[in-house]
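**Q** Take this structure first; my questions come after.
The values are calculated or read from the model by the stated rules, or taken from the named source; none is laboratory data. Everything numeric here is computed off the predicted structure, so don't read it as measured data. Cβ atoms come from the backbone with ideal geometry, glycine included; neighbour counts cover every protein chain shown. All accessible areas refer to the heavy atoms of the entire protein, side chains included, with ligands and DNA or RNA removed. Shrake-Rupley method; radii C 1.70, N 1.55, O 1.52, S 1.80 Å.
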Amino acid sequence: MADVKPNLIGGQWQAGEHASANINPSDTDDVIGHYATATTDDVEAAIAAASAAAHDWARSGIQVRHDILRTASDEIMARREDIGRLLSREEGKTLAEGIGETVRAAQIFNFFAGETLRLAGEKLPSVRAGVDVEITREPVGVVGIITPWNFPVAIPAWKIAPAICYANPVVFKPAELVPGCAWAIVDILHRAGMPAGTINLVNGPGSVVGQAMLDDARVKAVTFTGSQATGERVAQASVRHMRKFQLEMGGKNPLVVLDDADLDVAVDCAVQGAFFSTGQRCTASSRLVVTEGIHSRFVEACVSKIRELNVGDALDSRTQIGPVVDEVQLQQDLDYVEIGRREGATLRAGGERLAREKNGYYMQPALFTDTHNDMRINTEEVFGPVASVIRVRDYEEALHVANDTTFGLSSGICTQSLKHATHFKRNAQAGMVMVNLPTAGVDYHVPFGGAKGSSYGPREQGRYAAEFHTTVKTAYTSA
Ligand code: ADP
């Protein structure tokens with residue numbers, strides 16, 4: 001077979017026996033490359049190498065880790081066009097979104113480069129005279145990283161960068177659909193000077209490669225983003241080994257639109273939040289909870305905006321909405337459109353598969369109206385360009401509907417009322433709350449994560465990432 005991109009195990013690139021093809025969802029004739037599939041033996045070797053590297057890595061100087069993170073950030077930023085293009089080609093988000101995500105990854109590596117230089121502990125007096133107390137953070141050990149396909153550069157970055165900052169060796173298993181971006185990031189880190197064994201890449205199926213990682217007691221912490229079903233497996237396997245784990249598992253995010261909202265702002269937030277990145281964001285606004293007085297104006301404006309959206313090849317500069325990631329996901333999205341119809345919702349826009357010049361997974365964004373919060377389209381995560389409008393009487397009902405979900409990642413409100421915005425921030429059952437902003441779109445220097453069934457464990461990103469990536473030691477000294 002032509003050029004196979006290998007896995008990185010113990011500082012060595014290893015091609016292995018099998019490889020899988022990476023296909024462009026905008027053009028299924030375009031094969032991006034072939035990527036080696038790791039075996040369970042490869043996973044074992046990667047974990048062994050990471051464990052062997054852990055002791056020295058924990059004692060590496062902060063300057064070494066800072067420089068690696070900074071070098072990686074600089075290269076990612078310098079190559080944002082070509083990595084962004086690769087991202088769009090393999091995942092299907094638009095080129096502008098692909099480049100934006102790549103810039104975000106560079107910023108994340110840069111942030112944690114800075115954090116490396118700011119590592120600190122506390123020194124306190126003891127309650128016992130003559131005794132000193134020191135509190136320090138130590139590396140947690142080998143970190144297993146399991147990522148989804150929808151942010152193939154940013155999510156690996158926000159899991160790998162803090163692992164390096166806090167001196168943990170990494171075994172990284174990316175999603176099967178996006179091996180290219182994962183390979184590019186690991187290649188950059190390897191060349192930036194990561195010592196052998198401190199960064200390992202094992203591509204392959206979750207049920208084999210991911211599971212082998214979960215089943216190995218030498219992995220001391222697992223950080224996972226993906227579905228609730230897999231999150232539960234991660235949790236169960238991790239409890240069995242008494243290891244730390246951190247789960248991010250999607251949402252059914254509400255955007256509340258009140259009568260006093262600025263209509264243009266509300267429509268922009270809804271269309272952007274629901275459909276950009278093809279709706280394939282765990283923070284996407286899939287439930288638009290709209291009060292009676294603005295309902296018809298809001299729906300009309302959304303429908304006309306949706307009809308103007310340009311769905312097409314991710315690499316075409318005119319495209320606003322790229323393809324769905326693959327045939328399985330597209331079929332799931334279309335199935336949910338059918339489920340919504342059968343449940344009695346009105347399909348006001350889109351919802352059909354689109355033919356384009358090249359063979360790809362194109363779909364017109366779908367908007368349902370006349371929906372109830374207990375319909376399946378409003379309770380289950382679709383993970384595609386499908387959103388529903390839920391009509392409510394007033395703010396109180398809107399808040400109730402917004403919170404009436406098993407998820408709790410991001411929750412938004414469009415209003416000009418300080419009273420309602422303040423009440424909503426206090427009472428929305430979500431890890432992130434947005435006022436007059438889309439539910440999707442977050443900063444990188446502050447915590448990311450959800451409430452209820454969306455998340456479990458310490459927050460990701462910003463300084464809060466230390467909670468997962470370190471363990472705290474309290475030392476007492478009698479002088
Ligand atoms: P999605 O619906 O986003 O694909 P998944 O939870 O299936 O969500 O996948 C997220 C990540 O979890 C992927 O990298 C996938 O390969 C991995 N994964 C899936 N099954 C398992 C498993 N049994 N053990 C570990 N990782 C898994």
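**Q** Looking only at the range 406-440, which residues are in contact with a Gly (Cβ under 8 Å, 6 or more places away or on another chain) and either open to solvent by 10 Å² or more (accessible area, probe 1.4 Å) or over 27 Å from ARG376 (Cα atoms) (or both)?
**A** THR406, PHE407, GLN429, ALA430, GLY431, MET432, VAL433, MET434, VAL435, LEU437, PRO438
**Q** With the requirement that a residue be in a helix (DSSP H, G or I) and open to solvent by 10 Å² or more (accessible area, probe 1.4 Å), what does the range 132-183 give you?
**A** Across the range 132-183, the qualifying residues are TRP158, TRP183.
**Q** For the range 256-266, indicate whether the set of residues that are out of contact with any Ser or Thr (no Cβ under 6 Å at 6 or more places or on another chain) and part of a strand (DSSP E or B) is non-empty. Break it down into steps so the answer makes sense when it comes.
**A** Restricting attention to the range 256-266, the residues satisfying the condition of being out of contact with any Ser or Thr (no Cβ under 6 Å at 6 or more places or on another chain) are 256-257, 262-266.
Keeping just the survivors that are part of a strand (DSSP E or B) gives 256-257.
Yes: the range 256-266 contains one or more residues that are out of contact with any Ser or Thr (no Cβ under 6 Å at 6 or more places or on another chain) and part of a strand (DSSP E or B).
**Q** Give the number of residues within the range 193-248 that are in a loop (DSSP other than H, G, I, E, B), within 14 Å of the ligand (Cβ to nearest atom) and open to solvent by 30 Å² or more (accessible area, probe 1.4 Å).
**A** The qualifying residues number 4.
**Q** Is it the case that GLY144 is in contact with a strand residue (DSSP E or B) (Cβ under 9 Å, 6 or more places away or on another chain), within 16 Å of the ligand (Cβ to nearest atom) and in contact (Cβ under 8 Å) with a residue 60 or more places away in the chain?
**A** Yes; evaluated as a whole, the condition is true for this residue.
**Q** Right, next: Would you check if ALA402 is under 28 Å from the mean Cα position of the chain (by Cα) and in a helix (DSSP H, G or I)?
**A** It is true that ALA402 is under 28 Å from the mean Cα position of the chain (by Cα) and in a helix (DSSP H, G or I).
**Q** Listed residues THR415, THR379, THR422; which is within 22 Å of the chain's Cα centre (by Cα) and of a type in the set (Val, Ile, Thr)? Outline the logic, then answer.
**A** Values: THR415 fails: within 22 Å of the chain's Cα centre (by Cα); THR422 fails: within 22 Å of the chain's Cα centre (by Cα).
Of THR415, THR379, THR422, the one residue that is within 22 Å of the chain's Cα centre (by Cα) and of a type in the set (Val, Ile, Thr) is THR379.
**Q** Within the range 385-397, can you find the residues that are over 16 Å from MET375 (Cα atoms) and surrounded by fewer than 24 Cβ atoms within 10 Å (Cβ to Cβ)?
**A** If the condition is that a residue be over 16 Å from MET375 (Cα atoms) and surrounded by fewer than 24 Cβ atoms within 10 Å (Cβ to Cβ), then ARG393, ASP394, TYR395, GLU396, GLU397 are the ones that fit.
**Q** I'm trying to understand the selection: among the residues of the range 40-97, which are in contact with a strand residue (DSSP E or B) (Cβ under 6 Å, 6 or more places away or on another chain), open to solvent by less than 10 Å² (accessible area, probe 1.4 Å) and under 30 Å from VAL328 (Cβ atoms)?
**A** If the condition is that a residue be in contact with a strand residue (DSSP E or B) (Cβ under 6 Å, 6 or more places away or on another chain), open to solvent by less than 10 Å² (accessible area, probe 1.4 Å) and under 30 Å from VAL328 (Cβ atoms), then ALA46, ILE47, GLU90 are the ones that fit.
**Q** So, in the range 147-192, how many residues would count as being closer than 26 Å to LEU95 by Cβ and away from the ligand (no atom under 16 Å from the Cβ)?
**A** Residues in the range 147-192 being closer than 26 Å to LEU95 by Cβ and away from the ligand (no atom under 16 Å from the Cβ): 7 in total.
**Q** More than 19 Å from PRO438 (Cα to Cα) and either out of contact with any helix residue (DSSP H, G or I) (no Cβ under 8 Å at 6 or more places or on another chain) or crowded, with 21+ Cβ neighbours inside 10 Å (or both): which single residue out of THR283, THR346 fits that description? Outline the logic, then answer.
**A** Values: THR283 fails: more than 19 Å from PRO438 (Cα to Cα).
Among THR283, THR346, only THR346 is more than 19 Å from PRO438 (Cα to Cα) and either out of contact with any helix residue (DSSP H, G or I) (no Cβ under 8 Å at 6 or more places or on another chain) or crowded, with 21+ Cβ neighbours inside 10 Å (or both).
**Q** Against the condition assigned to a helix (DSSP H, G or I) and either in the same structural domain as GLU91 (by TED's automatic domain parsing) or under 20 Å from ASN253 (Cα atoms) (or both), how does ASP374 come out, does it pass?
**A** no
**Q** For a quick check of your reading: which strands (runs of 3 or more DSSP E) sit entirely within the range 1-70 and have at least 2 residues that are out of contact with any Leu (no Cβ under 8 Å at 6 or more places or on another chain) and not acidic (Asp, Glu)?
**A** Filter on the range 1-70 gives 12-14, 18-24, 27-37.
**Q** With the structure loaded, tell me whether GLY114 is in a helix (DSSP H, G or I), of a type in the set (Gly, Ala, Ser) and under 30 Å from MET363 (Cα atoms) or whether it fails that test.
**A** Spelling it out, it is not the case that GLY114 is in a helix (DSSP H, G or I), of a type in the set (Gly, Ala, Ser) and under 30 Å from MET363 (Cα atoms).
**Q** On the given criteria, is VAL256 more than 14 Å from the ligand (Cβ to nearest atom) and either open to solvent by less than 60 Å² (accessible area, probe 1.4 Å) or within 17 Å of GLY431 (Cα to Cα) (or both)? Let's see the steps before the verdict.
**A** On the way: more than 14 Å from the ligand (Cβ to nearest atom): yes; either open to solvent by less than 60 Å² (accessible area, probe 1.4 Å) or within 17 Å of GLY431 (Cα to Cα) (or both): yes.
It is true that VAL256 is more than 14 Å from the ligand (Cβ to nearest atom) and either open to solvent by less than 60 Å² (accessible area, probe 1.4 Å) or within 17 Å of GLY431 (Cα to Cα) (or both).
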